[in-house]
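First up is the structure itself, then whatever we jot down about it.
The values are calculated or read from the model by the stated rules, or taken from the named source; none is laboratory data. Since the structure is predicted, the reported quantities are computational estimates derived from the model, not experimental observations. Counting neighbours? That spans all protein chains shown, and the Cβs are built from the backbone with ideal geometry, glycine included. Just so you know, the surface numbers come from the protein's heavy atoms only, side chains and all, with ligands and any DNA or RNA stripped out. Shrake-Rupley method; radii C 1.70, N 1.55, O 1.52, S 1.80 Å.
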Amino acid sequence: MNTKLKIITISLLCLNLSGCEYIDNILHPDDDNDEVIVDDNFRSAAQQLGLSDTIITRLCTATDKISVKCISKLNDETNQQEVRVEYAYNNVLHKNDYAKSTATTRVIFNLPADSATASLAFENRRNFEFNNGYNYTWQEPTNFATAELVNNQNKPLASLTNDSVTTRVSDSKLSNTSMASISNADYSLTESQDLVNAASTIFFPELIVSVTSSSVTVPVDASFKVFTAGHSAILSNYSVTLSTAIEQSWF
């Protein structure tokens, strides 16, 4: 598939009460380009797990800003066949005075066969690239172990475990991936549906990043507010379909 990307330039997006971060560009597929990726075995495998043909089609239909991959594969860790629907809101670039940062948001609906644990996972990836001449350090806040699934009034619906990995890629690059999920091992069918229907986004805790340089000897905060609009967009577009998919397959 030939993929064309367009750059959408946005002015200032206020992300917290203390100020705004500049979103320089967002890379998305062209509106008229087919961005649905469905492998040959997905539909039949998904039907065997209880999903209707209508729901499969809705799950695998992309938007102009959200790409979708519908995959049937063998999970290397569990050695079980599974179907996965992966939604991605990609490559949102933020800048501040010390660094630029690319955020990628994913929601992954996972249905393993053989009565294994089914899950709906929320992922936030951020890659930092610091300006020349700056040295960086990072630390985790006290609430780093928990991510909050919230409604449209930002009221918590569920506190989820935040599985996070932070990697020092180089002297100028830092990477952080955070993931939290709900599963049929922890939530009943109706509980999971209620969460998906009510959820507006998920709040991952913010990684605290500081920089110094030859002229800035006292560490300066260079943190970025965690990007939430991607999860909001995915839930806004797919929560009803995901809720129905859970009803059909979450046992």
Considering every residue within the range 68-91, establish whether at least one is assigned to a strand (DSSP E or B) and closer than 16 Å to Asn176 by Cα. yes
Look at Phe251 and say whether it is open to solvent by less than 20 Å² (accessible area, probe 1.4 Å) and assigned to a loop (DSSP other than H, G, I, E, B). no
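Yes/no per residue for (1) free of Cβ contacts under 8 Å to residues at least 12 places away in the same chain; (2) surrounded by 17 or more Cβ atoms within 10 Å (Cβ to Cβ); (3) under 27 Å from Ser175 (Cβ atoms):
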| site | (1), (2), (3) |
| --- | --- |
| Gln47 | yes, no, no |
| Ser72 | no, yes, no |
| Lys95 | no, no, yes |
| Glu129 | no, no, yes |
Unmet criterion (only one of (1) open to solvent by 10 Å² or more (accessible area, probe 1.4 Å); (2) within 15 Å of the chain's Cα centre (by Cα)) for Gln81: (2)
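Could we say that Ser164 is among the polar types (S, T, N, Q), closer than 20 Å to Leu51 by Cα and open to solvent by less than 40 Å² (accessible area, probe 1.4 Å) here? Before the answer, list the steps.
On the way: among the polar types (S, T, N, Q): yes; closer than 20 Å to Leu51 by Cα: no; open to solvent by less than 40 Å² (accessible area, probe 1.4 Å): yes.
Taking the combined requirement at face value, the residue does not satisfy it.
Could you please find all residues in the range 97-112 being open to solvent by 40 Å² or more (accessible area, probe 1.4 Å) and in contact with a strand residue (DSSP E or B) (Cβ under 6 Å, 6 or more places away or on another chain)? Walk me through how you get there before you give the answer.
Taking the range 97-112 first, the residues open to solvent by 40 Å² or more (accessible area, probe 1.4 Å) are 97-98, 100, 102, 106.
Residues satisfying the conditions are Tyr98, Lys100, Thr102, Arg106.
Would you call Asn151 polar (S, T, N, Q), touching a Ser or Thr at 6+ places or on another chain (Cβ under 6 Å) and under 21 Å from Thr105 (Cβ atoms)? Give the steps one after another, and end with the answer.
Working: polar (S, T, N, Q): yes; touching a Ser or Thr at 6+ places or on another chain (Cβ under 6 Å): yes; under 21 Å from Thr105 (Cβ atoms): yes.
Considered against the rule, which asks whether it is polar (S, T, N, Q), touching a Ser or Thr at 6+ places or on another chain (Cβ under 6 Å) and under 21 Å from Thr105 (Cβ atoms), Asn151 comes out as yes.
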Have a look at Ser214, Ser223, Ser210 and point out the one that is part of a loop (DSSP other than H, G, I, E, B), over 29 Å from Val68 (Cα atoms) and open to solvent by less than 40 Å² (accessible area, probe 1.4 Å). Ser223
